Amino acid sequence: MKIKDIPQDRSGSLGGETKVIYAESDSGRIESSETNGWEVEEIVLGQALDEIKRLTLDAYQRARQGKTSALEFHMYHQRMDLPMLAQAVGRFQWMVKRDFSPQRFARLSAEKLDGYADVLGIDRDTLKQLPETYE
């Protein structure tokens, strides 16, 4: 993309700020330039956030029904997915997914619970529970 073609659509997601992106100058060099937003980026970001909200609500409902553990809800609530959480706690994805089982989750050691809680930015007691309501 040429610097002169960088969109300036005043995206709401940037909150009036600008961000730096790299583009090709008239001389053919890659240089940094600022943008205050891009409509396409705004649309895609909105879709991604809607999907995370849907996954969070689904996990909340399944956890309320005893079909999954609170871990899955908290993972999505913190805008993470299985690969991201697994990498952050240093475990294989299948090991983390196994902990979505309510029975297995209830037997996790304090050390494993603390590892998940630390990565998710919550305390151990919060990790083990669901909020009373979730929109």
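The table below lists the values:
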| quantity | calculated |
| --- | --- |
| Subset of the stretch 69-85 (residues that are crowded, with 21+ Cβ neighbours inside 10 Å and of a type in the set (S, T, N, Q)) | Ser69 |
| So Arg62, is it loosely packed, with under 12 Cβ neighbours inside 10 Å and assigned to a helix (DSSP H, G or I) | no |
| All positions within the stretch 60-94 that are small (Gly, Ala, Ser) and more than 17 Å from Ala106 (Cα to Cα) | Ala86, Ala88, Gly90 |
| Where Asp26 falls short, out of the listed (1) assigned to a helix (DSSP H, G or I); (2) over 24 Å from Pro131 (Cα atoms); (3) not polar (S, T, N, Q) | (1) |
| Residues being within 16 Å of Ala88 (Cβ to Cβ) and assigned to a loop (DSSP other than H, G, I, E, B) - total across the stretch 109-123 | 2 |
| Index of the failed condition, Leu82 passing every other in (1) modelled with pLDDT of 95 or more; (2) more than 12 Å from the chain's Cα centre (by Cα) | (2) |
| Some residue of the stretch 95-106 being part of a helix (DSSP H, G or I), of a type in the set (Phe, Trp, Tyr) and touching a residue at least 24 places away in the same chain (Cβ under 8 Å) | yes |
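The values are calculated or read from the model by the stated rules, or taken from the named source; none is laboratory data. The shown structure was predicted, so the numbers you read here are calculated from the model rather than taken from an experiment. Please note: Cβ atoms are built from the backbone with ideal geometry, for glycine as well, and neighbour counts cover all protein chains shown.
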